Amino acid sequence: MHQTHSQREFAIEFQPQIHILRPSIHSRRANIVVKFQDLYGFTVEGNVDDVNILNEVREKVRQQGRVWWALEASKGANWYLQPQVSSLTEGIALKSSLKLSNLTNAITLKRLIRKGIPPVLRPKVWFSLSGAAKKKSTVPESYYSDLTKAVEGKVTAATKQIDHDLPRTFPGHPWLDTPEGHAALRRVLVGYSFRDSDVGYCQGLNYVAALLLLVMKTEEDAFWMLAVLLENVLVSDCYTTNLSGCHVEQRVFQDLLVKKCPRIATHLEELEFDVSLVATEWFLCLFSKSLPSETTLRVWDVLFYEGAKVLFHVALAIFKMREEELLQTHHVGDVINILQKTTHHLFDPDELLTVAFDKIGSMTTNTISKERKKQEPAVMAELDQRLRRLNSIKMDDEK
Amino acid sequence: MATTANKNINAKLVLLGDVGAGKSSLVLRFVKGQFVEFQESTIGAAFFSQTLAVNDATVKFEIWDTAGQERYHSLAPMYYRGAAAAIIVYDISNQASFERAKKWVQELQAQGNPNMVMALAGNKADLLDARKVAAEEAQVYAQENGLFFMETSAKTATNVNDIFYEIAKRLSQVQPAPNPSGMVIMDRPTERTASAACCS
């Protein structure tokens, strides 16, 4: 009696799934959901088309590997790690060493990286090009082991939150979700929380650090990658109290959408859709929670070489790729569903990165820095205003 | 804001509460009928939609499940702005999460939509042995502050559908006459302008 009561009254209607109608056997096959494990051990749910794309992508990765080996044969081993090539993006400082051969090498490298770093080379290339190696070289060899030993057994707000999040970071992953995986992730996050007490620990970093661990293989290298990311690659204060840096990035992103995708921006404004509703997670987790792992890592390949502007390119591309569909939407929910479906099925990194760089067009780090400077005062005023309002509630309460 | 069209109501609903109180678990139970022991931590917010039929209306919830960590609170106005309903969640085995819930209630009373339907959910009701917050205490608090209160368990599904159903029912009643008493809003600051300046 009670069971039927609840069924009758609640009558929950599930959202009907919208399938694209293609009158072929392939479309029926494409709707079968299959579960499989990707290159980094994540369980992926996708349809047959997704699996096919993933196989094509794997083949492309192998081909790209051959390109890297061939270049290594002609330019010498580790040519891409030489400072005059690798740090060209840093600009002016190295102007004096600008030789034509270095310049061509740098251009070649930029192109190569946008096409993807072969997974076996990733740890080495990231570590060097991001500046992590340089950062590590400025402190004693034993820095990381000393740090982890020194903080062992200490309990802070950050460590409590980290412990709470360990089993909630990619649960079910064959390595991350084991006692060994938890312990490694814990040491990296706790270590960092003591290195920079302003950041401490911010939810979101657990996903970033977890993926770094999977790629870098060693805990210590993952730690330095996290450090260089937060201290040099990303805009500062992204993860500190009240996330002010993140608020700034969101406003910059909103402005860039208006410039680069004006039709979408106008339409979303009519729907009262704030892009940061979806983009906040993208920027804080660096897409690791939304894109398939290999696609995320391809974004990170470029991120570590070209800097934080890459996040804007990719975020804009996700909107751009679905321009026509987005323009047809009438509700905020529909917009989010389209974007979520898009990111979850983006198994082809080249499709995304081609749009991100060729269709979106160039944006210099300089332009973006200027944008940030412009937005900062407004963000600070807004955060301050909220704080004051909340404090005034408290005062009223105490009266 | 909830909008009516042929008894179809679109309602934005936001879940707020301390980290680990079980906001995402409540939503997962309601939307998919599932429960997992370790739910991925939410960053920013996660979006879900679910439709409920009540009496003579259909309520389509657009649910924003927000991140609980303190520093994410600066993002909250974006999610509760224009919300027709809110569920403020605490964990019955954690006194601090109840105190945090009260702060959310205060913030919503001051900054949220004045007609917002607010529910207080004492989650993890299955953890009776670890209880730190008495149901009576929460009930009294809810009554004094114009919320309705239920103890829920996303794990056992107790009261999960019920709390959403109760919200839907109240929304469908509120809808035809958005401001039945006229007096309710008067004692609250007219915060429309203030909230428009925030995060717009």
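If you average over every viewing direction, what projected area does the convex hull of the Cα atoms of region A:244-291 give, in nm²?
Details: hull surface 14.0 nm².
About 3.5 nm², averaged over all directions.
Could you list which residues have their amide H under 5 Å from that of B:Val14, counting only those 5 or more apart in sequence or on another chain, with H placed in the peptide plane?
Under 5 Å from the amide H of B:Val14 lie the amide H atoms of B:Trp64, B:Ala85, B:Ala86, B:Ile87, each far enough along the sequence or on another chain.
Please enumerate, by chain and number, the lysines with C-alpha under 21 Å from the C-alpha of B:Lys124, excluding those fewer than 8 residues away in the same chain.
The qualifying lysines are A:Lys160, B:Lys23, B:Lys32, B:Lys102, B:Lys103, B:Lys132, B:Lys155.
Among A:Ala378, A:Gly191, A:Asn366, whose Cα lies farthest out toward the positive end of the dipole of chain A, if unit charges sit on the beta carbon of Lys, Arg (+1) and Asp, Glu (-1)?
A:Asn366
Would you work out the Kirkwood radius for the protein assembly as shown? I mean one over the mean of 1/r across all pairs of different Cα atoms, in Å.
After inverting the mean inverse Cα-Cα distance, the result is 25.9 Å.
Whole-Hz Karplus ³J(HN,Hα) for region A:102-109, in order, using 6.51 cos²θ - 1.76 cosθ + 1.60 and θ = phi - 60°, x for Gly and Pro?
In residue order, the calculated couplings are 5, 4, 5, 4, 5, 5, 4, 5 Hz.
Which value in Å does the Kirkwood hydrodynamic radius of region B:1-96 take, with 1/r averaged over all unlike C-alpha pairs and then inverted? Numbers along the way, then the final one.
Values: mean 1/r = 0.0710 Å⁻¹.
Hydrodynamic radius (Kirkwood, Cα pairs) of region B:1-96 is 14.1 Å.
Can you list the HN-Hα couplings for region B:33-40, worked out from phi with the Karplus curve (6.51, -1.76, 1.60; θ = phi - 60°), rounded to whole Hz and with x for Gly and Pro?
Rounded to whole hertz, the list is x, 10, 9, 10, 4, 10, 8, 3.
For region A:276-399, what is the convex hull volume of the alpha-carbon atoms per residue, in Å³? Provide the component values of the computation, followed by the final result.
Numbers: hull volume 18.1 nm³, N = 124.
Normalising the Cα hull of region A:276-399 by residue number yields 146 Å³.
Cα centroids of region A:215-247 and region B:85-156: how far apart, whole angstrom?
35
Using the eigenvalues of the Cα gyration tensor, what equivalent ellipsoid semi-axes result for region A:309-382 when each is taken as the square root of five times the eigenvalue, whole Å, largest first? Walk me through the numbers on the way to the answer.
On the way: eigenvalues 130, 70, 20 Å².
Semi-axes (√(5λ), whole Å): 26, 19, 10.
With a sphere of radius 11 Å drawn around the Cβ of A:Gln63, what net charge do the other residues whose Cβ falls strictly inside it have (Lys, Arg +1; Asp, Glu -1)? Don't jump to the answer; show the numbers that get you there.
Numbers: positive: A:Arg58, A:Lys60, A:Arg62, A:Arg66, A:Lys115; negative: A:Glu56, A:Glu59.
Here the count lands on +3.
Return the average number of partner chain Cβ atoms within 10 angstrom of each residue Cβ along peptide A:166-173.
Shielding by partners across A:166-173 averages 4.
On a full-extension model of 0.36 nm per residue, what is the gain between A:Leu100 and A:Val33, subtracting their alpha-carbon distance, rounded to one decimal in nm?
Working: separation 67, 0.36 × 67 = 24.12 nm, distance 5.19 nm.
Net length gain for the segment: 18.9 nm.
Using Cα pairs closer than 8 Å and at least 6 residues apart in sequence, work out the relative contact order for region B:73-131, in percent. Show your work: numbers first, answer last.
Working: 66 pairs, mean separation 28.3, N = 59.
Reported as a whole number, the value is 48 percent.
What is the sum of charges, Lys and Arg at +1 and Asp and Glu at -1, for the other residues whose Cβ falls under 10 Å from the Cβ of A:Leu166? Please report the intermediate quantities before stating the final value.
On the way: positive: A:Arg168, A:Arg186; negative: A:Asp163, A:Asp165, A:Asp177.
Combined, the nearby Lys, Arg, Asp and Glu give -1.
Highest first, please rank the peptides B:125-138, A:268-281, B:74-87 by the mean number of other Cβ atoms sitting within 10 Å of their residues.
Working: B:125-138: 14.2, A:268-281: 19.4, B:74-87: 22.5.
Peptide ranking by packing, descending: B:74-87, A:268-281, B:125-138.
Under unit Cβ charges (Lys, Arg +1; Asp, Glu -1), what dipole magnitude, rounded to 20 debye, does the protein assembly as shown have relative to its Cα centre? Spell out each step's value before the answer.
Details: 68 positive and 69 negative charges, 327 e Å.
The dipole magnitude comes to about 1580 debye.
Summing +1 for each Lys or Arg and -1 for each Asp or Glu, what net charge is found among the other residues whose Cβ lies under 10 Å from the Cβ of B:Ser25?
On the way: positive: B:Lys23, B:Arg29, B:Lys124, B:Lys155; negative: B:Glu37, B:Asp65.
Charge balance near B:Ser25 sits at +2.
Using the Karplus equation 6.51 cos²θ - 1.76 cosθ + 1.60 (θ = phi - 60°), what ³J(HN,Hα) coupling, rounded to whole Hz, does each residue of region A:236-246 give in order, writing x for Gly and Pro?
Running phi through 6.51 cos²θ - 1.76 cosθ + 1.60 with θ = phi - 60° gives 6, 6, 5, 10, 7, 3, 6, 6, 4, x, 5 Hz.
Checking a compactness column here: for region A:104-213, what do you get for Rg(Cα) / (2.2 N^0.38 Å), N being the number of residues? Don't jump to the answer; show the numbers that get you there.
Working: Rg = 16.3 Å, N = 110, 2.2 N^0.38 = 13.1 Å.
So region A:104-213 has a normalised radius of gyration of 1.25.
With a 10 Å radius around each residue's Cβ, average the other Cβ atoms per peptide and rank B:113-124, A:113-124, highest first.
Values: B:113-124: 24.1, A:113-124: 18.2.
My ranking of the peptides, most packed first, is B:113-124, A:113-124.
Non-local amide H neighbours of B:Phe149 (under 5 Å, H modeled in plane, Pro and chain starts lacking H): which ones?
Long-range HN contacts for B:Phe149: B:Leu120.
Give me, ordered by chain and number, the residues 5 or more places off B:Val54 or on other chains with an amide H under 5 Å from its own placed amide H.
Here the answer is B:Val59, since their amide H atoms fall under 5 Å of that of B:Val54.
Using a Gaussian network model of chain A with C-alpha springs under 10 Å, which one of A:Leu103, A:Leu286, A:Leu353 is most mobile by mean-square fluctuation?
Ranking A:Leu103, A:Leu286, A:Leu353 by mean-square fluctuation puts A:Leu103 first.
Kindly provide the pair-distance distribution of region B:40-128 built from C-alpha pairs, with 5 Å bins from 0 and whole-percent values in order of increasing distance.
All Cα pairs considered, the percentages come to 3, 12, 20, 25, 21, 13, 6, 1, 0.
Just counting partner chain Cβ atoms within 10 Å, what average do the residues of peptide A:325-333 show around their Cβ? Show your work: numbers first, answer last.
On the way: counts 0, 0, 0, 0, 0, 0, 4, 7, 9.
Partner Cβ neighbours, averaged per residue: 2.
None of the figures in this text is laboratory data; all of them are computed from the coordinates on show. For clarity, every value in this text was computed on a predicted model and none was experimentally measured. As a convention, Cβ positions derive from the backbone with ideal geometry for all residues, glycine included, and neighbour counts pool all protein chains shown.
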